[in-house]
1. Compute the acute angle (0 to 90°) between the alpha-carbon long axis of helix 241-253 and the principal axis of greatest extent of the alpha-carbon atoms of the chain; round to the nearest 10°.
2. Given a cut-off of 28 Å, name the pairs among Lys319/Lys460; Lys264/Lys361; Lys348/Lys429 whose C-alpha atoms lie farther apart than that in the structure shown.
3. Suppose only helical runs count, i.e. DSSP H with n ≥ 4. What mean residue ellipticity at 222 nm does that imply for the chain under -39500 (n - 2.57) per run, divided by all residues and rounded to the nearest 500 deg cm²/dmol?
4. Identify the GluC sites (Glu not before Pro) of region 39-98 meeting these criteria: DSSP loop state and at most 13 other C-beta atoms within 10 Å of the C-beta.
5. Cα extents of region 4-153 along the three principal axes, largest first, in whole Å?
6. Among Met95, Gly21, Tyr79, flag the residue with its Cα farthest along the positive direction of the charge dipole of region 4-153, charges on Cβ as +1 for Lys/Arg and -1 for Asp/Glu.
7. Along the Cα-to-Cβ line of Lys51, 7 Å from the Cα, sits a label point; which residues in region 227-270 have backbone N less than 16 Å from it?
8. Could you give the angle, 0 to 90 degrees to the nearest 10, between helix 149-165's Cα long axis and the longest principal axis of the Cα atoms of the chain?
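Only the coordinates and a few stated rules stand behind these numbers; no lab work does. This structure is a prediction, so every number in the text was calculated from the model and none was measured. With ideal geometry, Cβ positions are generated from the backbone for all residues, glycine too; neighbour counts draw on all protein chains shown.
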Amino acid sequence: MLTGELRSKIDNVWNAFWAGGIANPIEVIEQITYLLFIRGLDDMHTLEERKATRMNRPMERRIFPKGKDGIGKGGGVAYEEMRWSRLKNKDPATMFAIVSEHVFPFLRNMAEEGTAHATHMKGARFTIPTPALLAKVVDLLADIPMEDRDTKGDLYEYMLGKIASAGQNGQFRTPRHIISLMVEMTAPTPKDVICDPACGTCGFLVAVGEYLRDNHPKLFHDKKIRDHFNEEMFHGFDFDSTMLRIGSMNMTLHGVEDPDIRYKDSLSQEHAGDEDRYSLVLANPPFAGSLDYETTAKDLLALVKTKKTELLFMALFLKLLKPGGRAAVIVPDGVLFGSSTAHKAIRKMLVEEHRLDGIVKLPPGVFRPYAGVSTAIVLFTKTNSGGTEQVWFYDCQADGFSLDDKRNALLPADKIGPQAKLDAKEYTKNNLPDVAARWKQRGGEERERPRTAQSFCVPKVEIVTAGYDLSINRYREVMHETAEHRSPKEIIAELKALEKEIADGLAELEALL
């Protein structure tokens, strides 16, 4: 958890960027990302130096070469001078010159040579406008204990949150507590191979990493599993190079050494090499409307003939998963009840050819203020042989925040998310712990719940009869209050008694007069 002092420092730097003429929050976080990366390179180089000294042998991997870079007047600058530990002590003007004229060309050259952690630095541009602003940002980052993975992660999450609060590119950010719910429900294991084909800032992949650290504390004791975690477990695609850089650094700051975060237009490019590869898909892809057939991957059109991006993404998820693989993905409500041939085809495919496990209807304001569309989480397992028996539904009505554009927290931070411990009153403000708990009971007592409850199960035969409609309202039963009816004799007797009381009252009034 970031301290108030650190949050204040970040806010001050953010404001300084705006005052310096950089108003795009994506550009702000990208520039900060580069500086974090430079510091990370120096930390890695220092570790290699210490290891070589301890083992009394030459360095196995030298990140900063010996000699000068050969750029600029006088044969360039010594690579040693580009290291964070040296840069942070320079005067602002010297620091600015070295970073702009030498460090950034070095980063781009590293990327071209395929150096680890530098894949997405080919397009790196230095846009901090003044030496004073650069010095201020460097001073901030120098104060942060970057060896603490939690602090680094919280720092980055806070900056990503500022992207959303600035009202720009908020579509790239799925709320963290919703991500946590989806991860909790799919319960990743150390052997999983995980993919987000629209990864953005890698929020889902980061959350999986944190879940595994918390729930599998011996994860890193086994070298094979540790290598799998760092090199083979995490895969993310995006077609925005800036998002790839930010997402890749987000993963690095959360302790994943070499994730597979790469450029790919998931709906337009063929998926040779990625089909049937992943055991878990977590995603909230952008649903932009329609694509032309000419620009759509043919292997997706073979599954579902449509131009609708939301349906193409569903086909993509099925394409990427290996048999037995599971998915939790966010879709607009239209996917659940749309009447087109393609809508019905994708739902029939999930129910008949694979195993549709559950539908969680999300509160209508979850993605405000960026989008007001109603959404749901769809959970399914790819089997290629059916298996749907009962589909579990949950009507989530509260997620811990107000459902208007302000999205103010209704509970303290430790009461937000699927793992929060809540009392009955707090539950009405945050349904997520109940969603996670009841999901685990979907094969047992949840099947006995009435259709008037917030969650219940529906047998496959009923869904087939309803034309594969997956909207929860199709199967919900409304609880009607039962009125107590009396016999006519009782009503007549009551009226006569009332009539007598009125007559007696009139008689008393006349006597008084």
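1. Relative to the chain, helix 241-253 is tipped by roughly 90 degrees.
2. The pairs that break the limit, which is 28 Å between Cα atoms, are Lys264/Lys361; Lys348/Lys429.
3. Only helices count here, giving -12500 deg cm²/dmol.
4. Glu60
5. 48, 39, 29
6. Final value for the positive-end residue is Tyr79.
7. Of the residues in region 227-270, 227-228, 230-231, 256-258 have backbone N under 16 Å from the label point off Lys51.
8. Helix 149-165 sits roughly 60 degrees off the main axis of the chain.
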